[in-house]
1. Please work out which residue is farthest from Met341 (Cα to Cα), limiting yourself to region 229-245 and to residues that are over 19 Å from the mean Cα position of the chain (by Cα) and at pLDDT 85 or above.
2. Please verify whether region 290-312 includes one or more residues that are modelled with pLDDT of 90 or more and either surrounded by fewer than 18 Cβ atoms within 10 Å (Cβ to Cβ) or not assigned by TED's automatic domain parsing to the domain that holds His263 (or both).
3. Residue by residue through region 80-124, note down the ones that are surrounded by 11 or more Cβ atoms within 10 Å (Cβ to Cβ), within 24 Å of the chain's Cα centre (by Cα) and at pLDDT below 75.
4. Restricted to region 137-176, and to residues that are modelled with pLDDT under 70 and exposed (fewer than 11 other Cβ atoms within 10 Å of the Cβ), which residue is farthest from Ser36 (Cα to Cα)?
5. Quick check on Gly278: is it at positive phi, touching a Phe, Trp or Tyr at 6+ places or on another chain (Cβ under 8 Å), modelled with pLDDT of 60 or more and surrounded by fewer than 14 Cβ atoms within 10 Å (Cβ to Cβ)?
6. Within region 41-63, can you find the residues that are surrounded by 13 or more Cβ atoms within 10 Å (Cβ to Cβ) and either of a type in the set (D, E, K, R) or not assigned by TED's automatic domain parsing to the domain that holds Ile113 (or both)?
7. Name the pairs: first residue in region 137-161 and closer than 19 Å to Glu184 by Cα, second residue modelled with pLDDT of 70 or more and among the hydrophobic types (A, V, I, L, M, F, W, C), Cβ to Cβ under 6 Å, at least 6 apart or on different chains?
8. Given the conditions (1) more than 12 Å from Cys114 (Cβ to Cβ); (2) modelled with pLDDT under 90, and given that Asp22 satisfies all but one, which numbered condition is not satisfied?
Amino acid sequence: MLTDRDYRAVFEASPDAMLVVDSDGVIRDLNRQASSMFGWSREEIEGSGVDRLVPAGVRSRHGQHRRRQAEAPRARPMGQGVELQALRKDGTTFPVEISLSPGELASGPEHVICTIRETSAWKRMRWLSRTKLEAAENERKHLSRELHDEFLQFLVAFKIRGRLLVDETDREKRERAWAVIADEILTAIRGVKRMIRGLRSPKLEQQGLVSALATLFRDARKVHGVTIRASVNLDWVADELDPLTVLAVYRIVQEAVTNAATHARVSEAAVTLRSADGMIFAEIRDEGCGFELSDPGVALEDGHVGVGLVGMRERAEAVGGSLTIQTSPGSGTTVRAEVPMVGPEREQW
C-alpha cells in the first residue's frame, strides 16, 4: 500500500506543474515544477489566490470560470477548452494547457488538482512544421513555373520544328533550321543548369566552402550590384569539417547575403567567418533598411523573408548550433550563427 510519503514523491516527480486549489481559489499545495514554471517560491505562493497566476486582463473572466467550477465540479482533460495564458512572477505571460481534477481530499473540503503544461515549444513546432510545408509547396510551384515557361514551351517548339524539318527538301533551309534547333537546345541546357544551381551548389561540392563563398560574393556583386566585404578565416579547418556542417554554414551565409542584396537596399554588406574554441562563427551585417522583428522565431510568418529566417535557424540547430538576428526598421540587420566544428566520427575540436 502506498503511503502519504509515496504519494508526495509522485506529486513532486510529475513533469508538469501541479497546484492544489481549494473551493475559494486559494493555493494549498504545489510541486517543484510549479514553483519553477511561475518563478515563485513555495513560501511566496502557498496560501495565496490562484488568480495571481493569471494575466490581469483576464482575471475577472477567470474568476467567473473558477466560481462555476466550484458550483458544479467537473474534470477537464489536458488539451480541451480555449487557449489559456499564465503569468510568471517577472510579469511575462506564456501559453498553457490546464487539466482540472476535482475531488475531496483527506484534509477536508473539496479541492481541485490543476495540472499545467507550457505549450510554447509545441506552438513553435506546429508553426515550424507549417512553415516547412509552405516552403516546400512554394518550391514546387517555382519548379512548376520554370518547367512550364521554359522547357515545356521548348519541347513543343522542338516537336513542331522537327516535323517541319522532315518535309524540308531545301538543303540551306534544313541547315538553318538545324542551327535554330541547336541554339534552342543550348538555351534549354543553360536553363537546366541554372535550375540545378538553385537546388545545389556544384562549387561547394567541387572546390570546398571557402571557394564556394568567394563565388557567392562575386555573384552578389555581378547580379545584384552589392559588394560583399568578406573576412573568411577558415582555410585550415574547412577541409576537415563534416559535410552537413559545411552545407549549413554555406546556406546560412547564402540566405543572409541574398536577403541583404535583395531586401536591404544597400550597395555593400559585410561577412565575417572565423573559428575559435571548437566553433565556427559567422556574421552577416548590412546597414540597410532593416525590418520589424519582435520575435525572430515567429515574425514574418506570411513572408518569404520569414521562411528564410526560419530556414537559417533550422540549419544551424540541425548541426548543434544556434542563430540570432538583430534588426529594426532603419537600423540594418545582423545575422550571427555559431556551429560546432565536428568532423565525421570525431570528437569536437
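1. Arg229
2. No: region 290-312 contains no residue that is modelled with pLDDT of 90 or more and either surrounded by fewer than 18 Cβ atoms within 10 Å (Cβ to Cβ) or not assigned by TED's automatic domain parsing to the domain that holds His263 (or both).
3. Trp122, Lys123, Arg124
4. Among those that are modelled with pLDDT under 70 and exposed (fewer than 11 other Cβ atoms within 10 Å of the Cβ), it is His148.
5. So Gly278 passes the test.
6. Arg42, Glu44, Glu46, Asp51, Arg52, Arg59 - these are the residues of region 41-63 that are surrounded by 13 or more Cβ atoms within 10 Å (Cβ to Cβ) and either of a type in the set (D, E, K, R) or not assigned by TED's automatic domain parsing to the domain that holds Ile113 (or both).
7. As it stands, the answer is Phe154/Ala188; Arg161/Ile181, since those pairs meet every condition given.
8. (1)
The values are calculated or read from the model by the stated rules, or taken from the named source; none is laboratory data. As the structure is a prediction and not an experimental result, all values here were calculated from the model. No Cβ is skipped: glycine too gets one built from the backbone with ideal geometry, and neighbour counts run over all protein chains shown.
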